[in-house]
Amino acid sequence: MKLSVREKAILCGLYLAQHDKQGLDLMGFDSFNEAYNVLGLSIGAKPTSIKNYRDELDPLFPNARKGWRGRPVRDHCKCIYERFKDRDIDELLSLIIRITGGTINISDQTSEQEIKSFAKRLLTGRAAENFFSQNYQAEREFFDTRAEDVTHTGCGYDFRLHRLTSQDSFVAVEVKGLATISGNIVLTSKEYDVADRLRNDYFIYVVKNFNEDPFAITIRNPINTGLTFKQEKRKFIQISWRATV
């Protein structure tokens, strides 16, 4: 389904206006501010736009909020409303997951934990990465660099920042996201090994406080300066079914 960034933002606002707290809880967000921030950054829209579209569409649904009552709903919002108003909550949520880069189609077999884990992955994934892309040059260490997105290469970091003064010089940046102003970050074995090898040329860029007003900190050479990492080992159980034929 081809939608513009504005149409995606209106669709997110429609979902939150129509399904309110139930819709928020189903997605796994702790607050509406977190939903605005994560969804907005994930689709390339301003988080305030999603809030404003929700307020504008509120009067069209039987909820307790006033929204923009007394003001006419604009034509581009009416168009999305008429197109999607009859979709149930699972259909709408499946659409929002797809426009933010996910592949889950909500059904009776989809667990609540699976849906909520997608929202959290979105926070530390696409939303945090887009925040970085929009703001990285504000950091003193990065102002003279050009970003190359390498998130899908499996190289142990998300972005390669090339120095504008030298074609052969670059630093590696791994992006993480936190809902609050403090919390735990996790490195994969690959990320940890690459960070340990690159040392001063490896940064972790942590986007914090998605619950309210996101901001970022940078940590240079994270394995060898400042942070204490503890190794975690997890055991995965695979279930299979055997039959004699």
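The values are calculated or read from the model by the stated rules, or taken from the named source; none is laboratory data. Since we're looking at a predicted model, the values are computed, not measured. Don't worry about glycine lacking a Cβ; one is built from the backbone with ideal geometry, like all the others, and counts go over all protein chains shown. The protein model used for the area step is the full one, side chains on, heavy atoms only, and it has no ligands, DNA or RNA in it. Shrake-Rupley method; radii C 1.70, N 1.55, O 1.52, S 1.80 Å.
Taking residue 182 as the residue in question, decide whether it is open to solvent by 60 Å² or more (accessible area, probe 1.4 Å), in a loop (DSSP other than H, G, I, E, B) and of a type in the set (Gly, Ala, Ser).
Judged against the criteria, residue 182 is a match.
Which one of 190, 116 is free of Cβ contacts under 8 Å to residues at least 40 places away in the same chain and in contact with a Gly (Cβ under 6 Å, 6 or more places away or on another chain)?
190
Pick out the one residue from 26, 41, 14 that is at pLDDT below 95 and either out of contact with any Asp or Glu (no Cβ under 8 Å at 6 or more places or on another chain) or not small (Gly, Ala, Ser) (or both).
Just a single option satisfies the conditions, and that option is 26.
Could you please find all residues in segment 121-172 being small (Gly, Ala, Ser) and within 22 Å of residue 43 (Cα to Cα)?
125, 127, 128, 133, 138, 147
Among the residues of segment 30-58 satisfying the criterion of being over 11 Å from the mean Cα position of the chain (by Cα) and open to solvent by less than 10 Å² (accessible area, probe 1.4 Å), which is farthest from residue 105 (Cα to Cα)?
56
Whether any residue in segment 127-142 is surrounded by fewer than 15 Cβ atoms within 10 Å (Cβ to Cβ), outside any helix (DSSP H, G or I) and free of Cβ contacts under 8 Å to residues at least 40 places away in the same chain is what I want to check.
yes
Restricting to segment 143-164, name every residue that is hydroxyl-bearing (Ser, Thr, Tyr), under 15 Å from residue 129 (Cβ atoms) and surrounded by 12 or more Cβ atoms within 10 Å (Cβ to Cβ).
Answer for segment 143-164, where residues must be hydroxyl-bearing (Ser, Thr, Tyr), under 15 Å from residue 129 (Cβ atoms) and surrounded by 12 or more Cβ atoms within 10 Å (Cβ to Cβ): 151, 157.
Pick from segment 98-126 the residues that are closer than 24 Å to residue 9 by Cα and polar (S, T, N, Q): which of them is most open to solvent (accessible area, probe 1.4 Å)?
Applying the filter and picking the extreme gives 103.
Please work out which residue is surrounded by the most Cβ atoms within 10 Å (Cβ to Cβ), limiting yourself to segment 62-89 and to residues that are under 26 Å from the mean Cα position of the chain (by Cα) and of a type in the set (Lys, Arg).
Checked segment 62-89; the qualifying residue surrounded by the most Cβ atoms within 10 Å (Cβ to Cβ) is 87.
Can you pull out the residues in segment 2-29 that are part of a helix (DSSP H, G or I), open to solvent by 10 Å² or more (accessible area, probe 1.4 Å) and more than 22 Å from residue 113 (Cβ to Cβ)?
5, 6, 7, 8, 18
Rundown of residues vs (1) over 14 Å from residue 215 (Cα atoms); (2) among the aromatic types (Phe, Trp, Tyr); (3) in contact (Cβ under 8 Å) with a residue 24 or more places away in the chain, yes/no style:
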position: 144; (1), (2), (3): yes, no, no
position: 156; (1), (2), (3): yes, no, yes
position: 159; (1), (2), (3): yes, yes, yes
position: 174; (1), (2), (3): yes, no, yes
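Just to be sure before I move on: is residue 92 in contact with a Phe, Trp or Tyr (Cβ under 6 Å, 6 or more places away or on another chain), open to solvent by less than 100 Å² (accessible area, probe 1.4 Å) and in contact (Cβ under 8 Å) with a residue 60 or more places away in the chain in the structure I sent?
yes
Out of segment 202-232, which residues are part of a loop (DSSP other than H, G, I, E, B) and open to solvent by 40 Å² or more (accessible area, probe 1.4 Å)?
Those that are part of a loop (DSSP other than H, G, I, E, B) and open to solvent by 40 Å² or more (accessible area, probe 1.4 Å): 212, 213, 224, 225, 226, 227, 228, 229, 230, 231, 232.
When you look at residue 97, is it among the aliphatic types (A, V, I, L, M), assigned to a helix (DSSP H, G or I) and in contact (Cβ under 8 Å) with a residue 40 or more places away in the chain, yes or no?
Judged against the criteria, residue 97 is not a match.
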